[in-house]
């Protein structure tokens, strides 16, 4: 199935801190790149691609009130949630069953953005 999401930017205050957080939580390295004069953190997909980035000073502010992006961490949902707090985030809602669609946890990243961690099983 093809996704209708083409790309997304996540606003961050501290790019290095955000790269550390997302690398630990996603269990894969976030690659720092330079686009023109702007540094970015390229977010990995489970298949090895890239679908979004961390953007410092991009005109948006981190927020718990905006759009919530769900990250697929199938096979390591509990490990991803365990990496949140030691890497500067906080857990809003621990792993919960979402009724036949899998499991998710809601967390706040190291920058103040609310995100969801998704897995097809409670593992």
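Would you say residue 62 is within 13 Å of the chain's Cα centre (by Cα) and without any contact (Cβ under 8 Å) to a residue 24 or more places away in the chain? So residue 62 fails the test.
The lone criterion from (1) without any contact (Cβ under 8 Å) to a residue 24 or more places away in the chain; (2) closer than 17 Å to residue 83 by Cβ; (3) touching a strand residue (DSSP E or B) at 6+ places or on another chain (Cβ under 7 Å) left unmet by residue 16 is number (3). If only residues of segment 94-116 that are touching a strand residue (DSSP E or B) at 6+ places or on another chain (Cβ under 7 Å) and in a loop (DSSP other than H, G, I, E, B) are counted, the one that is surrounded by the fewest Cβ atoms within 10 Å (Cβ to Cβ) is 98. Of the residues making up segment 25-42, just one is under 10 Å from the mean Cα position of the chain (by Cα) and surrounded by fewer than 22 Cβ atoms within 10 Å (Cβ to Cβ), namely 26. For segment 62-73, the criterion of being in contact with a helix residue (DSSP H, G or I) (Cβ under 9 Å, 6 or more places away or on another chain), exposed (fewer than 13 other Cβ atoms within 10 Å of the Cβ) and either in a loop (DSSP other than H, G, I, E, B) or on the phi < 0 side of the Ramachandran plot (or both) is met by none of the residues.
For segment 21-61, a residue qualifies if it is farther than 17 Å from residue 3 by Cβ, in contact with a helix residue (DSSP H, G or I) (Cβ under 7 Å, 6 or more places away or on another chain) and in a strand (DSSP E or B), and the qualifying residues are 32, 39, 41, 54, 56.
Residue check: is residue 83 more than 11 Å from residue 10 (Cβ to Cβ) and part of a loop (DSSP other than H, G, I, E, B)? No. When segment 45-60 is limited to residues that are touching a strand residue (DSSP E or B) at 6+ places or on another chain (Cβ under 9 Å) and modelled with pLDDT under 95, the one that is surrounded by the most Cβ atoms within 10 Å (Cβ to Cβ) turns out to be 51.
The values are calculated or read from the model by the stated rules, or taken from the named source; none is laboratory data. Since the structure is predicted, the reported quantities are computational estimates derived from the model, not experimental observations. Backbone-built Cβ (ideal geometry, glycine too); neighbour counts: all protein chains shown.
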